[in-house]
1. Distance between the C-alpha centers of the range 1-72 and the range 84-129? Whole Å please.
2. For the range 2-117, compute the orientation-averaged projected area of the C-alpha convex hull (one quarter of its surface), in nm².
3. Nearest 10 degrees is fine. How inclined is helix 32-51 to the longest principal axis of the chain, computing both from alpha carbons?
4. Hey, got the dipole for the chain? About the Cα centre, +1 on K and R Cβ, -1 on D and E Cβ, debye to the nearest 20?
5. What residues qualify as long-range amide H neighbours of THR87, i.e. H under 5 Å apart, gap of 5 or more or another chain, H built at 1.01 Å from N?
6. Give the range of the longest stretch in the chain that excludes all GluC sites (Glu not before Pro) found in loop regions by DSSP and having at most 10 other beta-carbon atoms within 10 Å.
7. Which of ILE45, ILE12, ILE118 ends up with the largest GNM mean-square fluctuation for the chain, with Cα atoms connected below 10 Å?
8. Working from Cα positions, state the angle (0 to 90°, nearest 10) between the long axis of helix 2-11 and the longest principal axis of the chain.
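Only the coordinates and a few stated rules stand behind these numbers; no lab work does. Treat the numbers as computed from the prediction; the structure is a model and nothing was measured. Every residue, glycine among them, receives a Cβ derived from its backbone with ideal geometry; neighbour counts consider all protein chains shown.
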Amino acid sequence: MEKLEERIQKSITHTVKAIFPNTTNHYDTLFGGTALMWMDEVAFITATRFSRQKMVTVSSDRVDFTKPVPAGTIAELIGKVKSVGTTSVIVKVEVYLEQMYNDEREKAMEGTFTMVAIGENKHPVKIVI
């Protein structure tokens, strides 16, 4: 169990993005699709760092957008493995909104992604820890 928890801790992934106009909608807030793409990428990186195997997304579950992320702010995405199955891992990704010029920080969204390890034939394979 200690080895598993150690791997989970080592695989926690932080990515920081500046919210520029090319990523925003007509309300000057981050496009939901762009946010989902970034979250899926962080989930992929987290799962790969955890397993060191080829990983693919098989599902996302309940992504909650609780705060709009306006242009001119910073978003920090944090991925962490929440559970491990035989061939899959579930990764929770949280997105925090930060103001650029003060210390304000709040959670803007979160979601979970199921990632599956695949072999050369692109079929699921056992996760080896």
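1. Here the answer is 6 Å between Cα centres.
2. For the range 2-117, the mean projected area of the Cα convex hull comes to 7.5 nm².
3. 30 degrees
4. It works out to roughly 620 debye.
5. ILE127
6. Numbers: sites that count: GLU104, GLU120.
Longest run free of exposed loop sites: 1-103.
7. ILE118
8. With both axes taken from Cα atoms, the answer is about 40 degrees.
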